[in-house]
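Here's the structure we're looking at; comments come further down.
The values are calculated or read from the model by the stated rules, or taken from the named source; none is laboratory data. Being a predicted model, the structure only gives us computed values, none of them experimental. Cβ coordinates were reconstructed from backbone atoms using ideal geometry, including for glycine residues, and neighbour counts include every protein chain displayed.
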Amino acid sequence: MALVRAWIPRTYDVCEVHPGPNLNMIVGANGTGKSSIVCAICLGLAGKPSFIGRADKVGLFVKQGCLKGVVEIELSKAPDNIIITREIQVVNNTSAWFINRKPATLKMVEEQIAALNIQVDNLCQFLPQDKVGEFAKLSKIELLEATEKSIGPPEMYQFHCELKNFREKERELENLCREKANSLEKMRQRIERYKQDVERYHERKRHLDLIEMLERKRPWVEYENVRQQHEDVKQSRDQAKEELKNLKELQSPVTKKIQETEEHFKSLDVKIRDKATEIKDTSQKCKQKQDALEMKDKQIEEINQALRMKKDEEMDRQRKIHNTHKLIEDWKNELSTVAVSENLQPQTDAINNELKKLQEERANIDGDISDIRAEKMNQEREKKRIIDRLGQLNNIMSMKEENLKGRFRDTHSALMWLRKNKDKFKKEVCEPMMLEMRDHQKLKVNAVCAPAESCAENLPSRPIEELHRYGFFSYLRELFDAPRPVMSYLCSQYRVHDVAVGTEKTRNMIERVIQETKLRQIYTADERYVVKVSAYTNLVLSTNTSLKAAQFLSSSVDTDERRQLENQQQDINNTLKSLDMRLTTLFERQKYLEHRDNELRQQKKELVERGNRRRQLESKISVKYDSLKQLEQDAIDLEKESQQANIKIKEINTQKARLVTELMHLIKNCVSLNILKADLVLQSTTVAGEKNRLESEYKAASVQLRAAEQRFRDLDDRKRVLTENCKELLKKARQVCKLSPDQHLPKEFQTAFQALPVTLEEIDAVLNEEKTRASCFTGLNASVVEEYNKQTQEIQQLTEYLEEKKNELDNYKQNISQVKERWLNPLKKLIEQINEKFSNFFSSMQCVGEVDLHVENEEEYDKYGIRIRVKFHSSTELHELTPYHQSGGEKSVSTMLYLMALQELNRCPFRVVDEINQGMDPMNERRVFEMVVKTACKESTSQYFFITPKLLQNLTYNDRMTVLFVYNGPFMLEADKWNLKSFCRRRRRLGRMDEQ
C-alpha cells in the first residue's frame, strides 16, 4: 500500500501531489509549504491537530480567507485504491468525511486507516517538523509502544496492552486477596472467642433435644412392650383354645376302653386270689417246716456260739489281765515323775489379773485407733479442699507464667531456676524475680534488692481524707497486694504509698490539683501526671501520659490467701504424719498385747493341767487293781464246755432229717400251684398295665384339660387387661408427640427413635444421664449462637469470595504467562533486529549505537521500554539518548538512524520525516542522506517522505527516488497551468542557446 495522490488545501488554493513508491524527497525553501503536505497527510488520514503540533483546531489549517478546505488522499490498495476526502469547515471547526467520494463517518475512516496499519500519531511512523524534538523526549516506555505500533506484528501491541491490563488487574486482585485474607483472619480470630460458648450451647441443645426425643420415645416403648405382650398373650390364648378343643375330642374314646379293660382285669383278679389262697395254705405248711429246720439250725448255732463265746471270753480275760498289769505299771512310772502336789492358785490369780489389765488396755487402744482414723479422715478432707483451692490459684499463676515466658523468656528461665535452687539463697527471693542472675545459664534478668529496713508500712505525707475534695479516693499502695519485700521496695523506690489515685473529678480540675496539693505523681482512670519543679526557675512543670492497657497483672492471685493455704497444707501434712506415727505405735502395741494375751492364756492352761494330773493317776491305779482281782476270779473250763455242746448238736441233727423229708413233699405241691398263678398274674399284669396306661392317659388328659381350661381363662383375662393398657399407653404416647388419635407416628420420629436405646431401662439411664449433663450448662444465650452463625456465614461467604478471587488471580497469572511468552519472545527478536540495523548504521559513521529492551521489573509490564544508547566520540562512553545529554545534531542523527533501522522492518505503508536534518553537521547529514537513500530505495521497503529545505551538493541519488520541489510566491503559475514537459523543453532550449 502506498500514498498515490494528495490534494492539499492549506498554503495553496489548489495543490495536487503524486509521490513515488519509494523515497520521496520534498525540497523547498522555508515557508513555501513543504509542511503543508505533511499536515494534509495527517489530517486527511483522520489525524488530530495535536499530532502535528501547530494548532489545536482543524479550521486553522485552512488557508486564510477561505471558509472551507478539502484534503483528498488516494491510497494504493488491491484490487481498488481507496480515496479518503475530508471537508473542513472553518466556522464551526467541523469535518465531513467521504470514502471513495461517498459520505462516511470518522469511525469508518479510522477503521480503514487502522486496517492499513497507518498510525499518524506514532512518531516512529509520522514525524512532523514540530515533533522532531519530541522524539528525543520520548520515554523508553513511549518509544517501545511507538515501535510496537510501527513495526511490530498487529497483535504485539495488543498483547502488551493486555499484559499491562492483566498486571494491573493482578495487582488489584493481589491487594484485594491480601486485604480479604487479613479480614478473614481477623474474623476467624473473632469467631474463636464465640466458639466455646457456641459449642457449649449446641452441646446443651443436643442434650435437651435428646431428652425431648427420649421422653417422646419412652411411652412408645412402654406401649410397644405392652402391645407385644398383648400379641403374645393373644396368640397364646388362641393356641390354648385350640388345644382345649382337641383335648376334649380325644378324651371320649379313652373312657370306653378303660371300662372294658377294668372288667377283664377283675375276672383275672378273682382267679388269682383263689390260686393265691391255695398257695398260701401250702406255703404256710412249708414255712412251718422251714421254721422248725431253722429253729434246729439256730439251736446248733446257739450251742456253737455259746462255746465260741466261752473261748473268746477266756481269751479276752487273759488279754485284759495282761493289759491291766501293763497299764498299772505305766501309771506307776508316770506317778513317780509327777512332783508332790503344790499350791498353783497364786500363779493362776496373777495371770488372771494380768489378762484383765491387758483386755482393758486393748479396749483403750481400739478406741484411740478409731479416734485417730476419724481425725485423719477429717484432715485429709481438709487437705483435699486446700489442694483444690491451690490448684485454682496455680492455674492463674500458670497463665501468668506462660504470659511471662512469651514476653520475657530469660526471666521465665530464671524463675524456673530459682524454684529449683531456693536453698542457695540466705533470704527470701520473691517471684517473679527482677535479679540479674547469670549463674551458669548466662540469663539477663533485671534484679533488685529490698531495703534492709522495711518501708512497706511507711505513712503517706498526708491522710487521704484531706484529698477527697479533689476526687482522690486512695493511695496506690492500697490498690494492690504484694509480698512484704516487694511492697517495701516499691515504697522505697517509687513511693507508691504517697501516690494518690483520683477519679474523673480529679482530671477535670487537674490544674488546681497540681497547684494546691503539691503532689509529685497523680493517677486517674486513664492518665498519669508527673509534676516537677524547675531547679532554675522554680516553675511547676507537669507532664501527662495515657495509661497502657493491663498486660501482666490483669489476672491477680491473693498471695496472702495462697500463703495461708500453703501454711495450712503444711500443718495438715505435719498433723497427718504425726497421726500416722501414733497409729503405727498403737498398732505395734496392739500386736504386742495380743501376743502377751495368748502367752498368759497358755500359761494358765498349763497350771490347771499340772494341778489335776497326780490325783487322776492315783485314782486310776486303785480302780485297775480292783478290776484285776475280779478278772482272776472269773476263769472258765473250756474242755468240759466243748463235750456238752457236741452231745446237744447230735440230738438236734436227727430231728432235722425227719423235718427235711416232710418239707420236700410240700414244696412240690407249692411249685405247681405257683406256675398256674404265675400264668394268671402275667395275664392280669398285661391287662393291668393296659388299664394303668389308659387311666394314666385319661388322668393326664384330664389334668391337661383342666390346666388348658385354666390357662385359657387366665390368658383371656390378661388379654383384656393388656388391651386396656395398650389403649391408655397409645393415647399417652400420641399426646406426648402431639399427634391426633387417628394420626400415625411420623417418619422423622421413627428415624430418630431408631438411634435411641431400645429398652426402658436403657432409656431411663440415658435420660437421667442427659438431664444431669444438661443441668451442667448454665448462663448460655442463643444470641451468641446467632452471632456465631452470622460470623460463620460471613466467613464462609468471604472464604468463597476469596477463593473465587484467588482462582481469578491464578487465571490472570496463567494468562499473563501465556501472553508474556507470545509477546516478549517476538519483541526481543524484533529489538535484536533493530539493534543490529542501528549498530550497523552507527558503525558506518565511526560511532557506536545500541538499542536494547530496558526492564526494571519483569512483572511490571507498563515499565518495559526501549533504551537507545549512543557514542559519537571515541573518548566517551555510551550514553542513553535523552533531551539533555546530546547536542541537537546528535539527537537528529540518532533519531534518523533509529527510524532508518525501523525502515526495513517496517509494516507501515509509508513513513514521513519532516526536516530532521536541521542541526546536523555536513558530514553527518551526508552520511545520513546516503543511508536514507540506500535504505528507502530498496525494492522491499515502504514508501518514505523526506522533507528538507536544503540538500548538500554532490549527494548520491537513486533512480527509485522521487524529488518533489516546492516553490511558492506571487509570480508562480497556477497549478493547472504548470506543465513539466514544456518546462523541461524550454530549459533544454535555453541551455543550447547559452552554449551558442
Can you confirm whether Gly47 is small (Gly, Ala, Ser), outside any loop (DSSP other than H, G, I, E, B) and modelled with pLDDT of 80 or more?
no
Only unsatisfied item for Pro432, checking (1) at pLDDT 70 or above; (2) within 55 Å of the chain's Cα centre (by Cα); (3) surrounded by 15 or more Cβ atoms within 10 Å (Cβ to Cβ), is (1)
Positions within segment 624-636 being among the hydrophobic types (A, V, I, L, M, F, W, C) and either closer than 15 Å to Glu329 by Cβ or touching a strand residue (DSSP E or B) at 6+ places or on another chain (Cβ under 6 Å) (or both), in sequence order
Leu628
Residues in segment 383-390: is at least one aliphatic (A, V, I, L, M), modelled with pLDDT of 80 or more and in a helix (DSSP H, G or I)?
yes
Subset tally (residues that are among the hydroxyl-bearing types (Ser, Thr, Tyr) and in contact (Cβ under 8 Å) with a residue 60 or more places away in the chain) for segment 259-281:
1
For a quick check of your reading: which helices (runs of 4 or more DSSP H) sit entirely within segment 444-549 and have at least 3 residues that are touching a residue at least 60 places away in the same chain (Cβ under 8 Å)?
none
Would you point out which residue out of Val91, Val27 is within 28 Å of Asn958 (Cβ to Cβ) and in contact (Cβ under 8 Å) with a residue 24 or more places away in the chain?
Val27
Which residue pairs have Cβ atoms closer than 7 Å, lie 6 or more positions apart in sequence or on different chains, and pair a first residue in segment 627-650 that is in a helix (DSSP H, G or I) with a second residue that is of a type in the set (Lys, Arg)?
Leu631/Arg317; Leu631/Lys320; Leu638/Lys310; Leu638/Lys311; Glu641/Lys310
Tell me whether segment 653-660 contains one or more residues that are surrounded by 15 or more Cβ atoms within 10 Å (Cβ to Cβ), at pLDDT below 80, within 16 Å of Ile300 (Cβ to Cβ) and not small (Gly, Ala, Ser).
yes
Quick test of your reading of the structure: Phe910 fulfils all but one of (1) more than 22 Å from Ile52 (Cα to Cα); (2) modelled with pLDDT of 75 or more. Name the failing condition by number.
(1)
When the residues of segment 793-814 are narrowed to those that are among the acidic types (Asp, Glu) and more than 18 Å from Phe166 (Cα to Cα), which ends up surrounded by the most Cβ atoms within 10 Å (Cβ to Cβ)?
Glu794
Can you pull out the residues in segment 855-905 that are under 60 Å from the mean Cα position of the chain (by Cα) and part of a helix (DSSP H, G or I)?
Tyr861, Asp862, Lys863
Just to be sure before I move on: is Leu3 at pLDDT 80 or above and either more than 60 Å from the chain's Cα centre (by Cα) or under 19 Å from Ile82 (Cβ atoms) (or both) in the structure I sent?
no
A careful count of residues in segment 793-851 that are within 30 Å of Phe929 (Cβ to Cβ), in a helix (DSSP H, G or I) and either in contact with a helix residue (DSSP H, G or I) (Cβ under 6 Å, 6 or more places away or on another chain) or of a type in the set (A, V, I, L, M) (or both) gives 6
Quick one: Thr545 ticks every box in (1) polar (S, T, N, Q); (2) under 30 Å from Glu453 (Cβ atoms); (3) within 47 Å of the chain's Cα centre (by Cα) except a single one, so which number is it?
(2)
Looking at Lys727, Lys731, Lys738, which one is more than 30 Å from Lys245 (Cα to Cα), at pLDDT below 70 and not β-branched (Val, Ile, Thr)?
Lys738
